Amino acid sequence: MNAAQQAAFQNSPFMQGVRKCEDLCWKFTCSRDEARAKRDPSFQPSDEDFNAPKAHAYEKAIDYYKVLGLDDYASLDEVKKAYKKLSLVYHPDKTAGLSAEQKEEYSGIFMELKNAYLTLGDQATRRQYDRDRDRDQAQYELNGWKPKKRAHFDASEMLKKLQEMQKPPGQLVDVPMSAKLEKFVYGGHKKIQRQRRVKDFVGFSTETRLYRVDIPRGAAEPHECLFRRQGDHNEHTSPDSLNFKISAKPHAVVERQGCDLVCKAVVHLGEGSLRSPYVSAQAPSVNGRHILLWGRNPFVDCQGVTGGNLRVRLRGEGVSEAGVLKVACRLGAVPAGAARPAEQAEAAAWRGAGVETGVFPVQHMQTEAKVWLRLPTRATVADVRAKITQVLNLPRGSSVKILQAVRGGFSSFADSHPIRGESLLRCAGTPWADVSLTPNALLDMLRQVVSEMETEAFQVDVARSRAGFQTSEQAGQAAQRVVLQRLAEHLPDFGHEPTPEALLRNFAAAFSTFHGKPGEVATLFERVGSLEMLTRGSVAPDGLPGGGGARTPGRRSAKRFLQRHGLGPPEGFDGPGSETEGEDQ
């Protein structure tokens, strides 16, 4: 090639493009050197760096800066520190205990880290690597030739984690929580949703985190579960640690004492239990269970004893296998105002704790029988199933399904489905009929009614009823119905509809069962029978409701009250107190 040809070649478009590319590349290199010199005062660039031998045969398609988690202007000291930190994680000597796949993965990452360190840890090799990458960038800007890229390891996230681990520890936050007592008795878990502050590339944000706390059987209270570094993220310290402290919620029928359970209510064995050689009763426990008690009567041979107490300890029925269920039993007559059974004690506990409750009717799809349940408004389908089993005293293993209407039929609700807003719940499974109260339940109902009659609110309603009858018969009857409705509000504790009609039917059933019996029953009937006179305001000369003179208290007034409402048997009441009485009595 002669001089003219050489000159023509140098002035050709190709060589002009090459010179433009080299000029732009040199511009990039100078800018990079200036920025790096500001960052690292020890950096002294030299043209000899581009002619020095390479410490490693690098690949310009790999971004070695990202492999080490650094930016393009990092100093040599920063390169060494990043390599050392990452080597403590990915070096083959640090992978003991990992699976074969993880060891192979970590080995490949460590080779990339080593190549990146050999390239960036030597000044001459690093400047040559940067020059080649700047040339590719210049060609891309001038000619549109996109540089080749190769997938590689990015240590940015790992370095952030290592940096977070080196921060001072965050706070230890105690989080008190409560769970059902059944979870401590049978074991279980509790899911807790909690908002926490997290830090990302943009800054701080809030997310909802779900924590699961496992509660082993017989766990002590409070049961503690520590979630290290899983709380709120902080700017200058490690994330906070959360320490959940789980305690048992108050139970309606039992309370916990260490590893034992103690029944709150006294189990009454009845007036005839003193004369029976054997006694039996049902003791309430957790999860709606009732345990049958049966054994010899220690008081059967005792003369002149009117009552006695039994302390029963049931092994294996406590919180743990070593715990016991302690039951206090009472033999003999049941005193007035005695503790109520589990269903009523539970309702009283809700009222005392200020828990909002509601009455939910449940109808069986097969038998069309109905039961009314008093439950907290936040109750779920699981609570309904347990309550039905408890109120109806269904045998163990009975099937209770709460159904929802779907297209083409019915399907079961999930146990966690809330029942708030449901006007009528449909039930399937083991058939059951309408709730029929036992003599003990009828007696408890009478006790609750009489107890309600002693309240100030009831007396206010009675005064309004009297004033209403003084105005007109119609106004008095309306006010009287309000009085009966107040008393009927106790019926869902027994599974019955809270209406005055249902209350009067239960009064009739109680009278048919107990009429003629003396003692507490007669006293209860006397108070119930005085409802008619109390609400109408008719007072006898001797100050007793219903007239003076010789009379049999309780039985006649209760019979007259039921007959006035058309609830007596068609053939009339037999036995004492069945003779006709005058209106003046």
- request: Could you provide, to the nearest whole Å², the per residue accessible area of region 192-276 with probe 1.4 Å?
  value: 56 Å²
query: Amide H neighbours of Asn297 under 5 Å, counting only residues 5+ apart in sequence or on other chains, H built in-plane at 1.01 Å?
result: Tyr278, Val279
query: When the dipole is taken about the Cα centre of region 5-69, and only Lys, Arg (+1) and Asp, Glu (-1) are charged at their Cβ, what size is it in debye, to the nearest 20?
result: 220 debye
- line: Rounded to two decimals, the Debye log10 I(q)/I(0) of region 423-522 (Cα scatterers, no solvent) at q = 0.23 Å⁻¹ is -1.20
task: Convert each backbone phi in region 95-110 into a coupling constant with the Karplus relation 6.51 cos²θ - 1.76 cosθ + 1.60 (shift: θ = phi - 60°), then list the ³J(HN,Hα) values in order as whole Hz, x for Gly and Pro.
output: 9, 5, x, 8, 6, 4, 5, 5, 4, 5, 5, 5, 5, x, 5, 5
field: Accessible surface of region 98-157, 1.4 Å probe, proportion on carbon and sulfur as whole %
entry: 46 percent
message: If Rh is defined by the Kirkwood formula over all Cα pairs and Rg also comes from Cα, what ratio Rg/Rh do you get for region 86-238?
response: 1.16
field: Distance between region 171-205 and region 461-508 - C-alpha centres, whole angstrom
entry: 49 Å
task: Taking the Cα centre of region 68-126 as origin, work out the dipole magnitude from +1 charges on Lys and Arg Cβ and -1 charges on Asp and Glu Cβ, in debye rounded to 20.
output: 240 debye
- prompt: Given a 1.4 Å probe and every protein chain left where it sits, what share in percent of the accessible area of region 361-461 is carbon and sulfur?
  reply: 47 percent
message: I need to check one value: relative contact order of region 1-116, counting alpha carbon pairs closer than 8 Å and at least 6 residues apart, in percent.
response: 21 percent
field: Under-5 Å amide H pairs with Leu310, H placed in peptide plane, nonlocal only
entry: Cys329, Arg330, Leu331
task: Would you mind telling me the share, in percent, of accessible area of region 1-48 contributed by carbon and sulfur at probe 1.4 angstrom?
output: 57 percent
field: Surface per residue (accessible, 1.4 Å probe) for region 393-496, Å²
entry: 54 Å²
- prompt: Just going by the charge dipole of region 361-414, with Lys and Arg at +1 and Asp and Glu at -1 on Cβ, which of Ser411, Pro376, Ser399 is farthest out on the positive end?
  reply: Pro376
- request: Would you mind working out the magnitude of the charge dipole of region 1-137 relative to its Cα centre, with +1 at each Lys and Arg C-beta and -1 at each Asp and Glu C-beta, to the nearest 20 Debye?
  value: 140 debye
- line: Expressed in angstrom and rounded, the centroid-to-centroid distance over alpha carbons for region 234-261 and region 116-146 is 59 Å
- line: With label points set 7 Å from each Cα along the Cα-to-Cβ direction at Leu424 and Gln44, the distance between them in nm comes to 9.7 nm
statement: So the FRET efficiency between Arg407 and Ser280, C-beta based with R0 = 56 Å and rounded to 0.05, is 0.65
message: Quick check on region 223-282: what does the Kirkwood estimate of hydrodynamic radius come out to from the alpha carbon pairs, in Å?
response: 16.5 Å
- request: Determine, for each peptide in 297-303, 219-225, the mean count of other beta carbons within 10 angstrom over its residues, then list the peptides with the highest first.
  value: 219-225, 297-303
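The values are calculated or read from the model by the stated rules, or taken from the named source; none is laboratory data. As the structure is a prediction and not an experimental result, all values here were calculated from the model. Glycine also receives a Cβ, built like all others from the backbone with ideal geometry; neighbour counts cover every protein chain displayed. Only protein heavy atoms, including side chains, enter the accessible area calculation; ligands, DNA and RNA are left aside. Shrake-Rupley method; radii C 1.70, N 1.55, O 1.52, S 1.80 Å.
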